[in-house]
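Take a look at the structure set out below.
Just so it is clear, none of the values below were taken in a lab; they were calculated from the coordinates. Since the model is a prediction, treat every value here as computed from it, not as a measurement. Cβ sites come from the backbone with ideal geometry, for glycine too, and all protein chains shown count toward neighbours.
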Amino acid sequence: MVHIGNFDLGKKPGIVAVISEEPVESAKAAKWLGADLLELRLDMLEFSNPDEMKKAIEKIKSTTGLPCIATNRLQTDGGKWTGSDEARIELLDQALLKADAVDIELAADAGLRDSLIRKAKDAGKMVIVSSHDFKSTPSPAEMREIIDRSFKAGADIAKLAVTPASMQDTLNLLQVTLDAGGTVCTIAMGDNGRHTRIVAPCYGSVLTYGSIGKAVAPGQIPIHQLKSALVILF
């Protein structure tokens with residue numbers, strides 16, 4: 001089964017705290033609230049240089065003991081990055097020296113994406129290949145195809161986040177999760193899918209993302225509430 005750092009996703013789903021500001025203090029708060037892992041949103045943290053970023057990751061890990069996922073999100077996938085794609089991937093490459101996993105979008109430039117994935121694999125780091133749809137939920141066949149393409153790109157975890165217009169859309173995502181042939185993280189965003197952040201792990205989703213303060217994605221639930229719910233289910 002897949003591990004991210006010292007966290008075994010085969011034993012229970014991981015609660016991921018999204019770190020988007022004041023990285024060290026936010027990481028400490030996330031641990032206190034019950035997070036299992038940390039997602040460092042490099043597109044929002046605005047480190048002045050790669051060395052500052054690496055030192056921050058070192059301090060976060062030594063202070064909290066929690067594994068770190070490095071993410072530098074594309075704008076089309078909900079991110080805040082404004083520089084070139086080459087610079088975006090280079091920062092992720094530098095983060096790999098200290099982080100335990102990297103999240104790269106399926107929609108990223110294929111050459112840059114594949115090069116980063118190869119480097120991550122060579123370094124023994126976990127790879128999340130993610131896809132986000134902020135407007136709709138694709139058909140079940142299309143969602144399965146997205147997940148398959150993510151695995152073919154080299155994902156250890158295929159992450160799919162969609163926006164349901166109905167409860168049927170949400171049910172379709174959960175069915176795709178249940179039927180997935182590999183390790184997946186699935187999320188239905190917004191009000192119609194808010195409950196999937198708690199129940200999707202029952203269908204096989206290995207990660208669920210929560211907020212410390214202000215949510216950075218539609219429907220995100222605070223870490224302490226996720227923790228309370230998942231303690232009952234797992």
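Beta bridges from DSSP with both residues in the range 154-232: antiparallel share about 0 percent, rounded to the nearest 5. Could you tell me which of rounded, prolate or oblate describes the range 157-234, using a ≥ b ≥ c as the square roots of the eigenvalues of the alpha-carbon gyration tensor, with rounded for a/c under 1.5 and, failing that, prolate when a/b is larger than b/c and oblate otherwise? Judged from the Cα gyration tensor, the range 157-234 comes out oblate (a/c at least 1.5, b/c at or above a/b).
Over the Cα atoms of the chain, Rg to Rh with Kirkwood Rh, two decimal places? Display every interim value, and only then the final one.
Details: Rg = 16.2 Å, Rh = 17.4 Å.
Ratio of gyration radius to Kirkwood radius for the chain: 0.93.
Take the cross-link list 12/80; 12/55; 159/227; 55/152; 119/214 and give me the ones stretching past 27 Å between alpha-carbons. Listed pairs above 27 Å: 12/80; 12/55; 55/152; 119/214.
What dipole magnitude, in Debye to the nearest 20, does the chain give about its Cα centre under +1 on Lys/Arg Cβ and -1 on Asp/Glu Cβ? Can you show the working numbers first?
Working: 27 positive and 30 negative charges, 129 e Å.
Dipole magnitude for the chain comes out near 620 debye.
The C-alpha radius of gyration of the range 97-234, expressed as a fraction of 2.2 N^0.38 Å, stands at 1.04. Taking Cβ atoms as reference points and 12 Å as the exclusive limit, the residues near residue 207 contribute a net charge of -1, counting Lys and Arg as +1 and Asp and Glu as -1. According to the Cα-based calculation, Rg over Rh for the range 1-121 is 0.95, with Rh computed by the Kirkwood formula.
Of all beta bridges DSSP finds with both residues in the chain, what is the antiparallel percent, to the nearest 5? Show your work: numbers first, answer last.
Details: 2 of 35 bridges.
For the chain, the DSSP antiparallel bridge percentage is about 5.
Separation of the range 180-234 and the range 47-73, taken as the distance between their Cα centroids, equals 23 angstrom.
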